[in-house]
């Protein structure tokens, strides 16, 4: 019997880690496993999927269009939540799925117990609960834990993240990556360009990265920094103003998101991450798969669950800009060290291969025997 899977998310029209995962898993399930996959969005707004979905993947948009500038629990959004519930119920009744996957933190997270279905509910957590776990227990946190206990399975991305949850219904399944094996992959002779990528938002601390580069460039003007991403207009403007103020226009450039990011990763010499928090950053897996050496702040919690310090990447003490600059100088002046880190990274990436991780999905979720 063909398994039927519904994936719930807000949109699949933008570049991003969650959307790339939805694309990878959906295409794998319909093409390799011959499962039926329906993606149901709330605000696709008539746009196509950013990542190329297999023609057998069915995309539905409910056109709920939540107001993202206010709480989901404000009156305007509460009305939309009711509409979301009604329209989603109709879709579920029509499709009759075996599994419903809540792919990110969207309103259905809170109202899914009201849906009438025999399907099993799975919720993926793509953000770190490190900081939240240290906060005092609140009424809302108790409510969240109660809701989470209603899930059939709650998926976290690393054993460390597992420790932040009290529930028993938890599976640890890392994110997969579709590895493109290149026989001619070159580790040496790469461009003297360091790169970073992601949503242009405060949590990524690109302003800190620019500060770090301003110190680094005093010792080395042979390298340039490229930051790829789209995001908050005010923050993008502030970053560009900072680049001008620090007289870095010849050394730092902010570029728009691109679906050829991996091409850049095959060419460039370093990948840098300065985020405030990362749960399990896909971009580090992509960098490893492209033979790109990495320097990252040891922020909670993702980088340290992907990189082994001084083996397949460099982990810098969080918020220690001076150490980050020192490691930048060390790596940019030592190609043999860059090659060593990149080679080790490339040799360990199979731990996250699509086939290996999707087998975990089958064994722990989709084909799990009760």
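The values are calculated or read from the model by the stated rules, or taken from the named source; none is laboratory data. Just so you know, these numbers come straight off a predicted model, no measurement behind them. Note that we place each Cβ from the backbone using ideal geometry, even for glycine, and neighbour counts take in every protein chain shown.
Taking the condition in the same structural domain as residue 155 (by TED's automatic domain parsing), assigned to a loop (DSSP other than H, G, I, E, B) and under 19 Å from residue 360 (Cβ atoms), does residue 33 pass?
Criteria met by residue 33.
Restricting attention to segment 197-211, report how many residues are in contact with a helix residue (DSSP H, G or I) (Cβ under 6 Å, 6 or more places away or on another chain) and closer than 15 Å to residue 15 by Cα.
Adding up the residues that qualify gives 3.
From 59, 88, 8, grab the single residue that is in contact with a strand residue (DSSP E or B) (Cβ under 6 Å, 6 or more places away or on another chain), buried (at least 19 other Cβ atoms within 10 Å of the Cβ) and within 24 Å of residue 116 (Cα to Cα).
8
Out of everything in segment 183-212 that is without any contact (Cβ under 8 Å) to a residue 60 or more places away in the chain and not in a strand (DSSP E or B), what residue ends up being nearest to residue 301 (Cα to Cα)?
201
For segment 132-143, does any single residue satisfy the condition of being touching a residue at least 60 places away in the same chain (Cβ under 8 Å), part of a helix (DSSP H, G or I), closer than 26 Å to residue 319 by Cβ and out of contact with any helix residue (DSSP H, G or I) (no Cβ under 7 Å at 6 or more places or on another chain)? Talk me through it step by step, then tell me what you get.
The initial filter retains those residues of segment 132-143 that are touching a residue at least 60 places away in the same chain (Cβ under 8 Å), namely none.
No, because not a single residue in segment 132-143 is touching a residue at least 60 places away in the same chain (Cβ under 8 Å), part of a helix (DSSP H, G or I), closer than 26 Å to residue 319 by Cβ and out of contact with any helix residue (DSSP H, G or I) (no Cβ under 7 Å at 6 or more places or on another chain).
Give me the pairs: first residue in segment 100-116 and closer than 16 Å to residue 149 by Cα, second residue exposed (fewer than 15 other Cβ atoms within 10 Å of the Cβ) and modelled with pLDDT of 95 or more, beta-carbon distance under 7 Å, and six or more apart or on different chains, which are they?
115/89
Kindly list, by first and then second residue, each pair from a residue in segment 34-56 that is in contact (Cβ under 8 Å) with a residue 12 or more places away in the chain to a residue that is part of a loop (DSSP other than H, G, I, E, B) and surrounded by fewer than 13 Cβ atoms within 10 Å (Cβ to Cβ), limited to pairs with Cβ atoms under 6 Å and residues at least 6 apart or on different chains.
Partner pairs satisfying both residue conditions: 36/2.
Please work out which residue is surrounded by the most Cβ atoms within 10 Å (Cβ to Cβ), limiting yourself to segment 215-235 and to residues that are in a helix (DSSP H, G or I) and touching a helix residue (DSSP H, G or I) at 6+ places or on another chain (Cβ under 9 Å).
216
So, of the residues in segment 94-108 that are in a helix (DSSP H, G or I) and in contact with a strand residue (DSSP E or B) (Cβ under 6 Å, 6 or more places away or on another chain), which turns out to be surrounded by the fewest Cβ atoms within 10 Å (Cβ to Cβ)? First the steps, then the outcome.
Pass one, segment 94-108, residues in a helix (DSSP H, G or I): 94-95, 108.
Still in the running and in contact with a strand residue (DSSP E or B) (Cβ under 6 Å, 6 or more places away or on another chain): 95, 108.
Numbers: 95: 19, 108: 23.
So the residue we want is 95.
So, restricting to helices (runs of 4 or more DSSP H) that lie completely within segment 252-370, which ones have at least 1 residues that are without any contact (Cβ under 8 Å) to a residue 60 or more places away in the chain and either in the same structural domain as residue 37 (by TED's automatic domain parsing) or in contact with a strand residue (DSSP E or B) (Cβ under 9 Å, 6 or more places away or on another chain) (or both)?
282-289, 302-306, 321-332, 335-348, 354-361
From the list 140, 130, exactly one residue is assigned by TED's automatic domain parsing to the domain that holds residue 26, surrounded by fewer than 17 Cβ atoms within 10 Å (Cβ to Cβ) and at pLDDT below 95. Which is it?
Criteria check complete, one pass: 140.
Counting just the residues of segment 26-50 that are out of contact with any strand residue (DSSP E or B) (no Cβ under 8 Å at 6 or more places or on another chain) and crowded, with 19+ Cβ neighbours inside 10 Å, which one comes out farthest from residue 358 (Cα to Cα)?
If we take residues in segment 26-50 being out of contact with any strand residue (DSSP E or B) (no Cβ under 8 Å at 6 or more places or on another chain) and crowded, with 19+ Cβ neighbours inside 10 Å, then 27 is farthest from residue 358 (Cα to Cα).
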